[in-house]
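What follows is a short report on a single structure.
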Amino acid sequence: MQVYAAEAFGLEKSSDGGRLEAVAAGLDWVVGSGVRLVNMSFAGASNQVFAKLLGLAQNKGVVIVAAAGNDRSGAPVYPAASPSTIAVTAVDAGGRLYGRANYGKHIEFAAPGVDLYVAWGNGGSYRSGTSFAAPVVTAILARRASRGGLSLNGARAYLRSTAKDLGPGGRDSHYGYGLVQSGGC
């Protein structure tokens, strides 16, 4: 298994944000390279062109995991709000929702994303956010995919079958189906 990284943010000195053209080019490159599982740890406004690109990637068999965003808002943000992605929120070690996590009917799963020690700058740092939770789900799916192909619907079904329900019974707008589980996690 290989890991690819496409940088689409901070390429211009005047801005640390991303442009749709750069995100589209990165997505095109990874899909063209045969990547079938993509993590997107960013959030932005709804965009019809971006929604179309995500749908095209899904049609090519790509599974996209997306961070829900950290604005403590119920407004859907992309790519997580797209039906072509798996939207992930963040919880702490006690299963409590990250205080700044976005919410909404598009949220599908929760993963650890609060006070995680991660690579940062020239070393490491404790960080929190849905951008750190989404890669946990991506890693679980990568492990699953190593045993055979993985579709978006198959990924959702697998994660649902192992998720630990949090919050009100069943799927809800804060935790989705619940906390992802993998091999005792």
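The values are calculated or read from the model by the stated rules, or taken from the named source; none is laboratory data. Worth saying up front: this structure is predicted, and the values here are computed from it rather than measured. All Cβ positions, glycine included, derive from the backbone under ideal geometry; neighbour counts span all protein chains shown. To get the accessible areas, we keep the full protein, side chains included, count just its heavy atoms, and leave off ligands, DNA and RNA. Shrake-Rupley method; radii C 1.70, N 1.55, O 1.52, S 1.80 Å.
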Angstrom value of the Kirkwood radius, inverse mean 1/r, which spans all Cα pairs in the range 1-97 = 14.2
For the chain, using Cα atoms only, the Rg and Dmax in Å read 15.6, 47
15 Å cut-off, amide nitrogen to a point 7 angstrom out along Tyr4 Cα→Cβ, residues in the range 58-100 | 58-65
Once you put a point 7 Å from the Cα of Lys164 and another 7 Å from the Cα of Trp29, both along the Cβ direction, what distance in nm separates them?
-> 3.8
Within straight-line cross-link reach of Lys60, aspartates and glutamates at Cα separation under 18 Å, skipping those fewer than 8 residues along the same chain = Asp28
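How much of the accessible area of the chain, probe 1.4 Å, is carbon plus sulfur, in whole percent? Show your work: numbers first, answer last.
Working: 5020 of 9820 Å².
Here carbon and sulfur together make up 51 percent of the probe-accessible area.
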In what sequence, largest accessible area first, do Glu108, Glu7 appear using a 1.4 Å probe?
-> Glu7, Glu108
Given a Förster radius of 25 Å and the C-beta distance between Ser182 and Asn59 as r, what FRET efficiency does 1/(1 + (r/R0)^6) yield to the nearest 0.05?
-> 0.35
Under the 7 Å Cα-to-Cβ spin-label approximation, Ser173 and Asn122 lie apart by a distance in nanometres of 4.6
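When the helices in the chain are scored as -39500 (n - 2.57) per DSSP H run of 4 or longer and the sum is shared across all residues, what 222 nm value do you end up with, to the nearest 500 deg cm²/dmol? Walk me through the numbers before you get to the answer.
On the way: 4 runs with 52 residues, N = 185.
Result for the chain, helices only: -9000 deg cm²/dmol.
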